[in-house]
Structures are given as C-alpha cells and as structure tokens.
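Engineer: To start, I am sharing the structure in question, which I have written as structure tokens.
None of the figures in this text is laboratory data; all of them are computed from the coordinates on show. These numbers were taken from a predicted model, which means no experiment stands behind them. We place every Cβ from the backbone using ideal geometry, glycine too, and count neighbours over all the protein chains shown.
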C-alpha cells in the first residue's frame, strides 16, 4: 500500500461533503453557512429557507453527487475491463435506452412511470448487447460493436417518437429531458437511485483489486485464480446498473464517465485499489460543481448535459491527442 496514494484517494472520496454544503448555499437566493447548518440540524430558521434547502437544494445536490459517482466509477470499471482508455459508461447503449424509455413515458403522459421506465429500458439495452455478445462469441470487440448497433437502433426509435410527438407539449419535454439536468429531482427519486448505487458502488469497491488482474491479460488473470469471463460479465452488469440508475434520474449527461476516470488516474495512478475510490469522490465533486454552475451561471438554467459537453469535448480532444502522441501517431 502506498500511504500517499491511499490518503489522496480517500481524501477525494470525502471531497464532495464540503462541496455539497457549498451547493446548498449558492443559488438565486443566497443563504449563509450558519443558516444552512441550522436548517440541516433543526436550528431556528425561516420556513422558506428550511423548505428551500431541505426540499429543493438538498435532494438535488445529493442526486448530483450520486450521479457523478455512478458515471465516473462505471467509466473507470469499463476502461479496465475493456482495456481501452477511450471507453465510457455509455458504450453498451444504456443512455440511448434510458432516453427511449423516458420518451415513451413522456409520450404516455409522464408522471411516476418516467424514472422506472427509463431505468428498465436502459437495462434492456445492455441486456440486448449482452445477448448479441453471447450469440457471437462473447469477445470484447463483439460487445463494443453490439453496443454501437443497439445505441444506433434505440436512437432511431427515439427519433421516430420525437417525430410523432406533439410539437407543442410532448416534444419539448422529451428534448429537455435528453439534454440532461436535475431540476426536477425530489426526495422520492433518491430511494431507487440510492439503492441501486449503494449495491453497485459497494461491489466495485470490494473487487477493485481484481480489476488490476484483468490488465495483465486473460491468461495471467486466469492463472492467478480469476474466472475472467464471469468476473468481466459481473463488472459490466454492475457498471450498467450504475449507469442506468444515474441516467434515469439525470437524463443524458455525457463525458463524465470518460473524463473523470482519466483525471482520477492522473492523480492516484492506474492502480484500481486507489482509482475506484478516487473516481467515486472526484465524479461526485465534478457533477456537484457543474450542477451548481448550471443553475447559477445564467438567469436561466443551463442543461447539465450541455454543460458537460462544452467542457468534456475540449478535454477529450487533449486526452486523445496525448494518446496518439504516446503511440507515435496513427500508425
């Protein structure tokens, strides 16, 4: 164990706590730290302040932290399983599946079925990819190609739904959901998100040392006692669960699962013993900060998915060019 990396990794894991407190203070209506503290712990504050913090800002901030942790950890796990630094949590078509589920729910009137249907169809997309992989040999390349095909197919169905949707009511609602955001999150949304996230994050934290063995290659990992096929399937299934749970609440929030694992890797190194907890804390912190920026930077709220794209694309370009430079160019 490296004491410095251990301290840094677990320090990043607790970083979201002060950032969450900061997010409760900031907004159209600024609130001082003493009032935030009093509202959280039963002190004497005006009812409007207590309601704003406990009913609006706190569930949104908690959802932002969990969504960021889910997407970044799933991305880090997928990059380890696929042994590809350019892989992210959307590779298996989960986001397009969740988007399709949400669109169907909104077409049917929305309400309480939106989040469950987005979650279910997101998982179904990954299940279809797994079925394709099983039917054609189960290799990593087959899974990637299957993910691309399923993503394209579900996106085409989503496009058809948008085409037939009411342009004055349903279509704007679908479009806004697909842009990503947490403005509608309430406490009821946190229970299913929290349960799925607790299961998934606990699993990946407990088996993170085995992810290092996959980097050695299938032969070496098998020789060291890892059932590679079964373990890879379990990691992919859990990563899919985390992604589907996040996207069903936040809409499509891109780039977090790609960029944050690289940032965590730059801070603590490629060892998954440190990388996974670092990705949890850093992902939660990044989405917390971006969500706070999204609701405070302009008079109208910026969709979270738009903001992550504006920041993520330039960062990805830099990462990709560095990767090409290390490999000596395209050849």
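Engineer: Relative to a virtual label point 7 Å from the Cα of residue 176 in the Cα→beta-carbon direction, which members of the stretch 227-261 show backbone nitrogen distances below 16 Å?
Structural biologist: 250-252
Engineer: List the relative contact order of the stretch 1-125 as a percent without decimals, with contacts defined as Cα pairs under 8 Å and 6+ residues apart.
Structural biologist: Values: 90 pairs, mean separation 18.6, N = 125.
Once normalised by length, the contact order is 15 percent.
Engineer: Rank by packing, highest mean first: peptides 298-305, 121-128, 19-26, 239-246, with packing defined as the count of other Cβ atoms within 10 Å averaged across residues.
Structural biologist: By packing density, highest mean first, the sequence is 239-246, 121-128, 19-26, 298-305.
Engineer: Please give the contour-minus-distance gain from residue 163 to residue 41: 0.36 nm per residue of separation, less the Cα-Cα distance, rounded to one decimal in nm.
Structural biologist: Result for the pair: 39.0 nm of gain on full extension.
Engineer: Also: Just subtract the alpha-carbon distance of residue 300 and residue 140 from 0.36 nm times their residue separation and send over the number in nm, one decimal.
Structural biologist: Numbers: separation 160, 0.36 × 160 = 57.60 nm, distance 4.29 nm.
Here the answer is 53.3 nm.
Engineer: Sort 34, 88 by Cβ crowding within 10 Å, fewest neighbours at the top. Don't jump to the answer; show the numbers that get you there.
Structural biologist: On the way: 34 10, 88 26.
Ascending Cβ contact count within 10 Å gives the list 34, 88.
Engineer: What number, in percent, do you get for the relative contact order of the stretch 3-327 if the mean sequence gap of Cα pairs under 8 Å and at least 6 apart is divided by its residue count?
Structural biologist: Reported as a whole number, the value is 32 percent.
Engineer: Starting from the 7 Å offset along Cα-to-Cβ, what nm value, one decimal, do you get for the label separation of residue 2 and residue 322?
Structural biologist: Spacing of the two 7 Å Cα→Cβ label points: 1.5 nm.
Engineer: Grab the DSSP H runs of the chain that are 4 residues or longer, score each as -39,500 (n - 2.57), total them, divide by all residues and round the 222 nm result to the nearest 500 deg cm²/dmol. Mind dumping the intermediate values first?
Structural biologist: Working: 16 runs with 249 residues, N = 331.
-25000 deg cm²/dmol, from helical runs alone.
Engineer: Among 83, 57, what is the fewest-to-most ranking by other Cβ atoms within 10 Å?
Structural biologist: Going from least to most buried by this count: 83, 57.
Engineer: Between residue 184 and residue 220, how high is the FRET efficiency from 1/(1 + (r/R0)^6) when r is the Cβ-Cβ distance and R₀ = 35 Å? Nearest 0.05. All intermediate terms of the calculation are to be shown ahead of the outcome.
Structural biologist: On the way: r = 48 Å, r/R0 = 1.36.
That gives a FRET efficiency of 0.15.
Engineer: If you work out Cα Rg over 2.2 N^0.38 Å from the coordinates, which of (i) 0.96; (ii) 1.01; (iii) 1.11 do you get?
Structural biologist: Label (ii) holds the value from this structure.
Engineer: Turning to a different aspect of this structure: On a full-extension model of 0.36 nm per residue, what is the gain between residue 156 and residue 54, subtracting their alpha-carbon distance, rounded to one decimal in nm?
Structural biologist: Gain on stretching residue 156 to residue 54: 32.7 nm.
Engineer: Ranking request for peptides 248-256, 142-150, 189-197: highest mean number of other beta-carbon atoms within 10 Å first, then the rest in descending order.
Structural biologist: In descending order of packing, they fall as 248-256, 142-150, 189-197.
Engineer: What order do you get for 44, 151 when you list them from fewest to most C-beta neighbours inside 10 Å?
Structural biologist: 44, 151
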